[in-house]
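Derivation of every value follows stated rules applied to the coordinates shown; laboratory data play no part. Please read these numbers as outputs of a predicted model, since none were measured by experiment. Note that we place each Cβ from the backbone using ideal geometry, even for glycine, and neighbour counts take in every protein chain shown.
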Amino acid sequence: MNYTLNSIPERATKPRERGFTMAMDKGLSIREVEDFLEVAGDYVDIVKLGWATSFVTPNLKKKLEVYRAAGIPTYFGGTLFEAFIVRNQFDDYRRVLDQYEMTFAEVSDGSLEMAHDEKCEYIAKLSEQVTVLSEVGSKDAEKIIPPYMWIKLMKAELEAGAWKVIGEAREGGNVGLFRSTGEVRSGLVEEILTQIPFEKILWEAPQKAQQVWFIKLLGANVNLGNIAPSEVIPLETIRLGLRGDTFSHFLDMEKPC
Amino acid sequence: MNYTLNSIPERATKPRERGFTMAMDKGLSIREVEDFLEVAGDYVDIVKLGWATSFVTPNLKKKLEVYRAAGIPTYFGGTLFEAFIVRNQFDDYRRVLDQYEMTFAEVSDGSLEMAHDEKCEYIAKLSEQVTVLSEVGSKDAEKIIPPYMWIKLMKAELEAGAWKVIGEAREGGNVGLFRSTGEVRSGLVEEILTQIPFEKILWEAPQKAQQVWFIKLLGANVNLGNIAPSEVIPLETIRLGLRGDTFSHFLDMEKPC
Amino acid sequence: MNYTLNSIPERATKPRERGFTMAMDKGLSIREVEDFLEVAGDYVDIVKLGWATSFVTPNLKKKLEVYRAAGIPTYFGGTLFEAFIVRNQFDDYRRVLDQYEMTFAEVSDGSLEMAHDEKCEYIAKLSEQVTVLSEVGSKDAEKIIPPYMWIKLMKAELEAGAWKVIGEAREGGNVGLFRSTGEVRSGLVEEILTQIPFEKILWEAPQKAQQVWFIKLLGANVNLGNIAPSEVIPLETIRLGLRGDTFSHFLDMEKPC
């Protein structure tokens, strides 16, 4: 840190199991990735190349190398997995992961219908090849999954081999964990946490109010995802109680003297 | 493309008459233009220097050269044309176009009152010098133009020499084609399309929901404009059915096996 | 300017007491700062490193040098001052200002409770060391300060030594001067202006509609702050009547012939 402030919440350090930040790259240039890592390299733990943007990004190999050189793992968004599955191209997908030397992958069913057994089989198979993040929750705002079902799905996916489960919110933060207004479905989150260890969950929380809500409930070291590259530094200050939104929250807890 | 996915909608290739993307540069630096073109150069067909930002941009000549070297034509936003017209400086405007070696220009009347005959004369005169895009629709949310009038205006402007007509939406996407909420005036769009060939229209659609709406109605190769530079890659995935929003749309149509 | 347009509102030039633009850097990389200054260096008068982002920004010294070399002063957001105060580290804060050779500082009480006498003492003390901007208004949307109190606080802070007083709006533009919807509390602003000279006030106005509102009320040379780096060029065009929003405003006033 650039100077000393007392009573700052303790932050997990890399490699982090808790308090990690997943950022979403939806088409950065090489130089933009370098700029992003210069500023946020210490605070970002993993980068998702959003949905299937990797299909059209011209600089893919080079970009992945820049992230790799900085020690930041990357993975392709779950929609890409689904795009291969819906076309019966699962083996092609596995080859693409090899071709680009990916060490992580996401398994999701946000845009298609898939029996949950089948999804868990994909998690198990891909876990032999890479570290798997699996995502629960639909991208369709009409599909409301009740809390007990979120828990059941998350447990099964972790048992099938998922490293962490992701709570779906999309880039916009308006489905899954959130109402269409962006408001958190707070009862849902609290019920999930009675059954699933909090370090196993990566909450997608692209909007500031959502990040604040999770940090107030779960502390500086909650895992948050779908963070825009330019919002990683702001998020870090929210985690540390150094932005108005959480300024009093940690002080009230820690009573600095 | 970086890997092979079956049953991807066929995309027009450059130079495109259909399916082209107009992006809006509202003050990028030289390096930001280079970054933008590195990533999106294959997907962007023309760049508008938004409204009269070219008046205050310090790096104008150099920036135009960077776009030119990449084979991407540029034009000044219609508000600049109007700023010259309202000051009785049309001849100065023509000289500015020459001075900066512009090959395209926009004629619009979004911020001033102009007889339509007069607008068509400007289109005709400028067509002798450059390729003209003309814009229909007011920037004033209070001014509702009925569908038959949109059609009449568009026809007259194409006859006067406009290469394409632009449906107004502003940078914010909340006027003209759209209600103040950003919702598409869908009856208006459908009625226009009964009379004007769809490749002759460039729809301003800065918001994702608007892009999705046009792509679902008119397909991957609809002409869309006012796209933020960082949204050109995301838009390309929406065109290809590779983002959640259009994921099922093209599959349902094409029944991949 | 790149070409000549008649009847453009006269703009104050640097160093400006009126019409200055404060931009907010919330974590730019060195190269992004260079890009920002290439484009907006002539139009931005001072840069705030938003709230306490300077605590976590890895490139702080270097970044401050880049701004300094371009002749743009910088200051740390008021939340950083408050973070030191709430921890009883005021002397440390003064040392940090020295360590980073800061020539400006902000005194605010947006996130904590502080007697106003005490706030004015901080303003007086820091004024011996740097030029002080002080901020009036809470970051808490629930705390509504009546107009007579805004005026009383502003007067006292200017008398205590503040160079300018800032009207609070946050990065989001939804508290203080603004309702939670972002709408301007216009009666409040007008009443303040009956008592405080307008060049002494820096209005935080991050949203375009807010910028437009202030420029229509107070002219091209109103002091505006919390402007995103990419919005400095667009703001400049709004000041000059060269964007749709203020296109007619200045023309109606000046009757160009």
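Here are the numbers for this structure:
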read-out: Rounded if a/c under 1.5, otherwise prolate or oblate - the stretch A:133-257, Cα gyration tensor axes; value: prolate
read-out: Exam field: A:Gly182 pseudo-label spacings to other copies (7 Å along Cα-Cβ), nanometres; value: 0.9, 0.9
read-out: Residue mean of other protein chain beta carbons inside 10 Å, B:2-13; value: 5
read-out: Under the span-like rule (Cα at least 18 Å along the axis, Kyte-Doolittle mean at least 0.5), DSSP H helices of chain A; value: none
read-out: Assigned charges on the beta-carbon of Lys, Arg, Asp, Glu; the protein assembly as shown dipole about Cα centre (debye); value: 240 debye
read-out: Computed helical MRE - 222 nm, chain A, DSSP H runs ≥ 4 contributing -39500 (n - 2.57), nearest 500; value: -11500 deg cm²/dmol
read-out: Karplus (6.51, -1.76, 1.60) ³J(HN,Hα), θ = phi - 60°, over the stretch A:176-181, in Hz, Gly and Pro reported as x; value: x, 5, 10, 6, 4, 7
read-out: Positive-end extreme of charge dipole, the protein assembly as shown - chosen from A:Val136, C:Val33, C:Phe178 (charges on Cβ); value: C:Val33
read-out: Whether the stretch C:21-254 is rounded, prolate or oblate, judged on the alpha carbon gyration tensor where a/c under 1.5 counts as rounded; value: oblate
read-out: The stretch A:211-240 residues near the modelled A:Arg11 label - backbone nitrogen below 14 Å, point 7 Å along Cα→Cβ; value: A:220-224, A:231-240
read-out: Exposure proxy order (Cβ contacts within 10 Å, fewest to most) of C:Phe178, B:Phe198, C:Phe247; value: B:Phe198, C:Phe247, C:Phe178
read-out: Calculated FRET efficiency for the pair A:Lys155/C:Ser180, C-beta based, R₀ 51 Å, to 0.05; value: 0.85
read-out: 5 angstrom amide H check on C:Val107, placed H, neighbours 5+ away; value: C:Leu133, C:Ser134, C:Glu135
read-out: Most mobile listed residue (B:Leu177, B:Leu188, B:Leu80) in chain B, GNM with C-alpha springs under 10 Å; value: B:Leu188
read-out: Other-chain or far-sequence residues with amide H under 5 Å of C:Arg185's (modelled H); value: C:Phe178, C:Arg179
read-out: Residues B:Trp163 and C:Glu128, FRET efficiency given R0 of 56 Å [Cβ-Cβ distance, rounded to 0.05]; value: 0.30
read-out: Size of charge dipole - the stretch B:21-254 - debye, nearest 20, with Cβ of Lys, Arg +1 and Asp, Glu -1, no other charges; value: 200 debye
read-out: A:Ser111, A:Ser180, B:Ser127 arranged by Cβ crowding within 10 Å, fewest neighbours leading; value: A:Ser180, B:Ser127, A:Ser111
read-out: Among B:Pro73, B:Pro234, B:Pro15, residue whose mean-square fluctuation peaks in a GNM of chain B (springs only between Cα atoms under 10 Å); value: B:Pro15
read-out: DSSP bridge orientation in chain A - percent antiparallel, rounded to nearest 5; value: 5 percent
read-out: Cut-off under 5 Å, modelled amide H: who pairs with B:Trp203 long-range; value: B:Gly167, B:Asn223, B:Leu224, B:Gly225
read-out: Residues A:Tyr148, B:Tyr67 arranged by fewest to most Cβ contacts within 10 Å; value: A:Tyr148, B:Tyr67
read-out: Closest approach to the B/C rotation axis among chain B Cβ atoms, residue and whole-Å value; value: B:Arg31, 4
read-out: Highest-fluctuation residue, B:Met154, B:Met24, B:Met102 considered, GNM on chain B with Cα pairs under 10 Å; value: B:Met102
read-out: Span from the the stretch C:122-148 Cα centroid across to the the stretch B:225-244 one, whole angstrom; value: 43 Å
read-out: Inter-chain shielding of C:22-33 (mean C-beta neighbours from other protein chains, 10 Å cut-off); value: 5
read-out: Proximal lysine pairs, the stretch B:137-213, alpha carbons under 18 Å, eight or more residues apart or interchain; value: 6
read-out: At 7 Å out from Cα toward Cβ: C:Lys155 inter-copy label distances (nm, ascending); value: 6.7, 6.7
read-out: Prolate/oblate/rounded call for the stretch C:1-140, Cα gyration tensor, a/c under 1.5 rounded; value: prolate
